[in-house]
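These notes concern the structure reproduced below.
The values are calculated or read from the model by the stated rules, or taken from the named source; none is laboratory data. Not measured: the values here are computed from a predicted model. For neighbour counting, all protein chains shown are included, and Cβ atoms are generated from backbone atoms with ideal geometry for every residue, glycine included. Surface areas here come from the heavy atoms of the whole protein model, side chains and all, with no ligands, DNA or RNA. Shrake-Rupley method; radii C 1.70, N 1.55, O 1.52, S 1.80 Å.
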Amino acid sequence: MSHARFAPVTDSIVRELRSICGDANVIFGDASRLARYSRDQVPEKHSHVPPEAVVMPGAAAEVQAVMRLANRELIPVTPRGAGSGLSGGAIPVFGGICLSMERMNRILEVDTANLVAVVEPGVVTNKLDETLKPLGLFFAGYPMSEEICTLGGNVAHNAGGGRAVKYGVTRRYITGLDVVTPSGELLTLGGKRFKDVTGYDLVGLMVGSEGTLGVVTRIIIRLLPRPRYRRSLLVLFDGVRPAIETVPEIVIGGRMVPASIEFMDRISFQEACRSLKESLPWERAGAAMLLESDGSHEAQVAEEAAMMESVCRARGPLDVFTADSEVDSARFWKIRKQIPWTLKALSTHSSIEDIVVPVGEIPAIVEKIQGLEKEYAVRVPVFGHAGDGNLHAHPLKDPLSTEAAWYELIPRLLTDLYTATAALGGTISGEHGIGSKRRQFLPLVMGAGQIDLLRRIKQAFDPNGILNPGKIFD
Ligand SMILES: Cc1cc2nc3c(=O)[nH]c(=O)nc-3n(C[C@H](O)[C@H](O)[C@H](O)COP(=O)(O)OP(=O)(O)OC[C@H]3O[C@@H](n4cnc5c(N)ncnc54)[C@H](O)[C@@H]3O)c2cc1C
């Protein structure tokens with residue numbers, strides 16, 4: 001998708017980019033290498049667009065110089081972490097420059113006196129976790145894609161993961177950021193302090209801004225003591241209803257905050273187990289819950305796990321499996337983590353969704369999704385972070401229907417799904433972001449006045465609209 005307001009990346013621009021970042025750190029004119037940067041993990045292949053050039057800066061000063069050049073020449077710039085996103089956020093929809101942060105991948109400091117880590121944005125999230133483990137610390141806002149995503153991407157999407165029900169999402173842990181603005185200015189926002197009400201909360205604004213307001217070049221992350229004990233339960237039910245109804249019972253009725261409440265419907269759970277050749281008796285399961293408690297006191301962790309187990313047992317589960325060791329718990333999580341990959345492989349066309357509703361509405365939205373399955377005659381497996389009210393419905397194209405029929409059906413199905421979600425007090429993305437994938441649907445959940453305010457904030461940071469255009473609302 002070209003755009004009249006943007007200029008192309010010419011040979012002379014490439015010479016300037018090479019003088020800023022070094023010859024080896026600019027890709028231009030090599031279609032197969034550029035293609036690697038044309039996509040993220042959204043399954044919709046038609047959304048892939050290669051950049052005209054990829055630039056891999058090694059320092060904030062290089063990011064500043066690239067942004068000054070792009071702003072002067074009106075060339076679009078799309079920041080990129082690992083490309084694991086699920087909203088098309090890192091797809092350079094207007095071509096231009098892909099600003100890949102892969103070389104800025106150092107953990108600069110683990111400050112145990114202040115319980116913070118200072119990192120560059122290209123650090124793979126799991127690498128920070130491996131560094132923190134022996135110190136008895138952790139970054140609690142990490143997503144479940146931790147092995148393949150970067151901390152810069154986590155900040156840009158305000159990522160959340162399997163433990164957000166207890167620990168919250170990325171924003172809670174970001175105390176400071178260095179950010180390069182679209183015109184090339186370097187802003188140092190916040191710091192190592194845990195409280196700060198000095199003016200507007202620009203750190204909070206940057207977290208979740210999907211790379212549209214500035215390029216993050218340094219991140220200060222608050223750390224927590226790593227929980228010493230955890231207990232996981234994998235509970236198999238014969239149907240969706242008894243499984244999903246445990247969620248409000250545990251979260252609201254139970255008056256406790258478990259570490260994880262993950263839901264998997266029949267297709268999600270069975271297909272993931274099948275692809276892993278899992279020996280658990282998964283064939284009978286109509287749904288499964290993965291529940292976990294953690295903490296510093298063994299007795300309390302055991303008590304919370306027992307409470308969750310009794311809620312589940314009252315609903316007549318098929319089986320309850322418990323794990324006290326890291327190895328057994330990892331086995332349960334492996335099944336849950338396998339689901340997005342398995343579902344994506346089940347069909348040539350699919351759409352991974354990220355709706356979120358108030359947690360008491362979880363049973364109602366699952367029922368609505370089941371209704372949509374029947375109405376549209378497509379399979380819509382559903383799984384996700386049920387304890388946060390955040391579910392990933394994953395419509396799959398029927399193998400017997402045509403591609404044209406799928407592209408005609410999917411916007412209607414999503415409109416119905418999002419409208420039902422909004423009617424329950426929910427919204428269209430809990431953690432994956434709007435990106436390019438969902439921007440056409442934003443007016444379903446946000447009024448014109450609010451969208452206009454977002455546009456004016458964007459305008460204040462990026463008057464020329466060169467940073468990650470075509471995302472959120474452009
Ligand atoms: C199997 C699977 C499981 C997943 N599970 C979860 C989950 O549990 N929770 C969750 O929240 N997400 C999940 N995701 C989605 C994804 O992994 C996260 O959104 C992740 O935070 C993206 O990180 P990334 O480095 O891959 O970013 P990318 O995909 O490269 O980019 C994402 C966005 O961040 C922007 N960006 C990247 N770096 C910077 C920077 N330095 N400065 C400014 N903007 C930047 C990009 O422009 C883009 O808009 C999952 C994805 C997959 C494939």
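Please find, among VAL54, VAL42, the residue that is farther than 30 Å from PHE194 by Cβ and modelled with pLDDT under 95. Talk me through it step by step, then tell me what you get.
Working: VAL54 fails: modelled with pLDDT under 95.
The match here is VAL42.
Report yes if some residue within the stretch 379-397 is surrounded by fewer than 17 Cβ atoms within 10 Å (Cβ to Cβ), touching a helix residue (DSSP H, G or I) at 6+ places or on another chain (Cβ under 9 Å), modelled with pLDDT of 95 or more and part of a strand (DSSP E or B); otherwise report no. It would help to see each step written out before you state the result.
If we filter the stretch 379-397 for residues that are surrounded by fewer than 17 Cβ atoms within 10 Å (Cβ to Cβ), which is where we start, we get 379.
Narrowing further to those that are touching a helix residue (DSSP H, G or I) at 6+ places or on another chain (Cβ under 9 Å): 379.
Applying the additional criterion that residues be modelled with pLDDT of 95 or more yields 379.
When the remaining residues are screened for being part of a strand (DSSP E or B), the result is 379.
Within the stretch 379-397, one or more residues are surrounded by fewer than 17 Cβ atoms within 10 Å (Cβ to Cβ), touching a helix residue (DSSP H, G or I) at 6+ places or on another chain (Cβ under 9 Å), modelled with pLDDT of 95 or more and part of a strand (DSSP E or B).
Which of the residues that make up the stretch 148-182 are over 13 Å from the mean Cα position of the chain (by Cα), over 18 Å from THR212 (Cβ atoms) and outside any helix (DSSP H, G or I)? Lay out the reasoning, then the answer.
Of the stretch 148-182, the ones over 13 Å from the mean Cα position of the chain (by Cα) are 163, 165-168, 172-182.
Next cut, over 18 Å from THR212 (Cβ atoms) only: 163, 165-168, 172-173, 175-176.
Scanning the stretch 148-182 gives ARG163, GLY168, THR175, GLY176.
Of the residues VAL327, VAL311, which is of a type in the set (A, V, I, L, M), in a helix (DSSP H, G or I) and either open to solvent by 50 Å² or more (accessible area, probe 1.4 Å) or at positive phi (or both)? Give the derivation first.
Working: VAL311 fails: either open to solvent by 50 Å² or more (accessible area, probe 1.4 Å) or at positive phi (or both).
Criteria check complete, one pass: VAL327.
Across the stretch 142-154, which residue is least open to solvent (accessible area, probe 1.4 Å) among those that are touching a Ser or Thr at 6+ places or on another chain (Cβ under 6 Å) and more than 6 Å from the ligand (Cβ to nearest atom)?
Taking the stretch 142-154 and keeping what is touching a Ser or Thr at 6+ places or on another chain (Cβ under 6 Å), we get 142, 145-146, 148-149, 151, 154.
Applying the additional criterion that residues be more than 6 Å from the ligand (Cβ to nearest atom) yields 142, 146, 148, 151.
Numbers: TYR142: 41, GLU146: 19, ILE148: 74, LEU151: 4 Å².
Ranking the qualifying residues of the stretch 142-154, first place goes to LEU151.
Step by step: first the residues of the stretch 241-300, then only those that are among the polar types (S, T, N, Q) and open to solvent by 40 Å² or more (accessible area, probe 1.4 Å), then the one that is farthest from LYS368 (Cα to Cα). Which residue is that? Reasoning before the result, please.
Pass one, the stretch 241-300, residues among the polar types (S, T, N, Q): 246, 260, 268, 270, 275, 279, 293, 296, 300.
Filter once more, so that each one left must be open to solvent by 40 Å² or more (accessible area, probe 1.4 Å): 275, 279, 296, 300.
Numbers: SER275: 28, SER279: 32, SER296: 39, GLN300: 36 Å.
Result: SER296.
Pull out all pairs, ordered by first then second residue, where Cβ-Cβ is under 8 Å, the residues are six or more apart or on different chains, the first lies in the stretch 187-202 and is touching a residue at least 60 places away in the same chain (Cβ under 8 Å), and the second is of a type in the set (S, T, N, Q).
Pairs that qualify, where the first residue is touching a residue at least 60 places away in the same chain (Cβ under 8 Å) and the partner is of a type in the set (S, T, N, Q), are LYS192/ASN114; LYS192/THR175.
With (1) within 12 Å of the ligand (Cβ to nearest atom); (2) at pLDDT 95 or above; (3) part of a loop (DSSP other than H, G, I, E, B) as the list, and ASN126 as the residue in question, which single condition is left unmet?
Only one criterion is unmet by ASN126, namely (3).
How many residues are open to solvent by 10 Å² or more (accessible area, probe 1.4 Å) and farther than 16 Å from ILE267 by Cα if we restrict to the stretch 335-365?
Total satisfying the criteria: 9.
Considering only the stretch 6-37, state which residues are within 19 Å of ILE466 (Cβ to Cβ) and assigned to a loop (DSSP other than H, G, I, E, B).
PHE6, ALA7, PRO8, VAL9, THR10, TYR37
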